[in-house]
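Nothing in this text is a laboratory measurement; each read-out follows from the coordinates by a stated rule. Keep in mind it's a predicted model, so treat the numbers as computed, not measured. As a convention, Cβ positions derive from the backbone with ideal geometry for all residues, glycine included, and neighbour counts pool all protein chains shown.
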Amino acid sequence: MSAELSPIDRAKFVAAKRAVDYVQDGMRVGLGTGSTAAWMVRCLGELVREDGLRVTGVPTSRRTAELAQKLGIKIVTLDEARWLDLTIDGADEFDGDLNLIKGGGGALLQEKIVATASDQMIVIADVAKEVPALGAFPLPVEVIPFGWQTTKALIEETLVSLDVLGRDATLRMNGDSAFITDEGNYIVDLHLRRIGNPRQFSLVINQIPGVVENGLFIDICDIVIVGHATGRVEVRDINNGTVEDGQIDFAANENLFAEF
Ligand code: 5RP
């Protein structure tokens with residue numbers, strides 16, 4: 001069955017599989033959103049069902065909540081959990097300092113709140129997500145629907161003074177209508193090509209009235225687990241300055257592929 005997975009799914013799966021090794025009995029865990037995070041939820045669900053692992057999940061989107069519930073993972077809201085031991089999530093890009101762009105799936109606001117409320121954030125990614133500088137992936141900015149065109153114009157005006165290579169801003173669509181986030185907001189995607197100073201960029205953009213949050217995660221991620229289609233996994237820990245190499249055996253995990 002694993003042979004039927006695309007190379008990218010194999011890479012996502014092995015990163016996810018390695019990440020759940022960090023989940024210990026009794027932990028409160030933030031559950032990310034996206035296709036890589038969905039693999040992680042499946043791996044976690046298996047540990048809950050097969051090994052009796054006790055874990056409380058805080059999902060970062062309705063999609064993830066539905067999947068976790070279906071797989072038998074106990075979920076609560078962040079208000080119920082208050083603080084988490086660990087969050088595991090995907091990313092659209094990460095750089096050498098483990099700063100991220102997130103929000104390709106539209107869940108950046110809840111993802112950032114949940115990751116910030118965690119002792120540790122682990123990002124799981126296929127190797128294609130690594131970049132020398134953030135910004136090739138369009139940066140999602142969540143904005144309030146009220147006056148969104150004015151907010152977008154203010155963002156565009158602000159971009160002129162920031163160190164970026166591109167300045168196009170587009171409203172994210174879902175067919176003929178605006179894409180609506182789980183919080184009822186819109187997303188403006190910024191096509192910046194390269195962000196010279198992500199920390200400054202994030203602070204400045206968040207000052208604009210109408211902007212709720214942006215998809216830059218600065219100094220939030222502690223560990224990136226990079227998956228390769230061959231089964232190789234690299235664990236990069238920014239706090240310890242360590243890089244570990246490992247290998248995941250696809251044959252030992254066929255039951256996970258058979259389920260989906
Ligand atoms: C959702 C996200 C995702 O983590 C990001 O888009 C990566 O998704 P995928 O794992 O499907 O490549 O930020 O808002």
Subject >> Value at 222 nm in deg cm²/dmol, rounded to 500, when DSSP H runs of n ≥ 4 in the chain each add -39,500 (n - 2.57) >> reply: -8500 deg cm²/dmol
Original post:
Out of segment 57-98, which trypsin sites (Lys or Arg not before Pro) are coil in DSSP terms and have no more than 12 other C-beta atoms within 10 Å?
Top reply: 82
Original post:
Within straight cross-link reach of residue 70, meaning Cα distance under 21 Å, which lysines are found once same-chain residues fewer than 8 apart are removed?
Top reply: 12, 17
Original post:
Which Cα, out of 226, 26, 195, lies furthest along the positive dipole direction of the chain (beta carbon charges, K/R +1, D/E -1)?
Top reply: 195
Subject >> Neighbour-limited loop hits for GluC sites (Glu not before Pro), segment 30-84 (at most 12 other Cβ within 10 Å; DSSP other than H, G, I, E, B) >> reply: none
**OP:** List the extent of the Cα atoms of segment 116-158 along each of their three principal axes, largest first, rounded to whole Å.
**Re:** 37, 27, 15
**OP:** Please work out how much length the chain gains when fully extended from residue 113 to residue 249, using 0.36 nm per residue of separation minus the C-alpha to C-alpha distance, in nm with one decimal.
**Re:** 45.6 nm
**OP:** Quick one: dipole size for the chain, taken about the Cα centre, charges +1 on Lys/Arg Cβ and -1 on Asp/Glu Cβ, in debye to the nearest 20.
**Re:** 340 debye
Subject >> Kirkwood hydrodynamic radius of the chain, Cα pairs, Å >> reply: 18.7 Å
Subject >> Summed side-chain charge close to residue 97 - residues other than residue 97 whose Cβ falls under 14 Å, Lys, Arg +1, Asp, Glu -1 >> reply: -4
**OP:** Could you go through segment 171-182 in sequence order and give the Karplus-derived ³J(HN,Hα) for each residue, using 6.51 cos²θ - 1.76 cosθ + 1.60 with θ = phi - 60°, rounded to whole Hz, and x for Gly and Pro?
**Re:** 6, 6, 10, 10, x, 8, 10, 5, 5, 10, 6, 4
**OP:** Given the options 138, 59, 209, state which has the largest fluctuation in a GNM of the chain using a 10 Å cut-off (strictly under) for Cα springs.
**Re:** 209
**OP:** Report the residue, chosen from 76, 160, 235, that carries the largest GNM mean-square fluctuation when the chain is represented by alpha-carbon nodes joined by springs under 10 Å.
**Re:** 160
Subject >> For the chain, built as a Gaussian network whose Cα springs stay under 10 Å, the top-fluctuating residue of 176, 168, 21 >> reply: 176
**OP:** Taking amide H positions as placed in the peptide plane 1.01 Å from N, state which residues far from residue 118 in sequence (5 or more) or on other chains have amide H under 5 Å from it.
**Re:** 84
**OP:** Express in whole angstrom the spacing between the alpha-carbon centres of segment 214-246 and segment 141-175.
**Re:** 30 Å
**OP:** Just flag the chymotrypsin sites (Phe, Trp or Tyr not before Pro) in segment 136-232 sitting in loop per DSSP whose Cβ has no more than 15 other Cβ atoms within 10 Å.
**Re:** 146, 179
Original post:
Is there a pair in 74/112; 129/152; 74/152 whose C-alpha atoms are over 29 Å apart, and which pairs would that be?
Top reply: 74/152
Original post:
Mean shadow of segment 177-259, computed from the convex hull of its alpha carbons, in nm²?
Top reply: 9.8 nm²
Subject >> Distance in nm between pseudo-label sites at residue 74 and residue 24 (7 Å out along the Cβ direction from Cα) >> reply: 1.8 nm
Original post:
At q = 0.15, 0.21, 0.22 Å⁻¹, what base-10 log of I(q)/I(0) does the Debye formula yield for segment 161-213 when every alpha carbon is treated as an equal point scatterer in vacuo?
Top reply: -0.50, -0.88, -0.93
Original post:
So what are the ³J(HN,Hα) numbers for segment 151-160, from phi and the Karplus equation (6.51, -1.76, 1.60; θ = phi - 60°), rounded to whole Hz, Gly and Pro as x?
Top reply: 4, 4, 5, 5, 4, 4, 5, 5, 4, 4
Original post:
Tell me, what is the percent relative contact order of segment 214-260, built from C-alpha pairs under 8 Å that lie six or more residues apart?
Top reply: 25 percent
Subject >> ³J(HN,Hα) computed for each position of segment 215-221 - Karplus, 6.51 cos²θ - 1.76 cosθ + 1.60, integer Hz, glycine/proline x >> reply: x, 7, 10, 9, 6, 9, 7
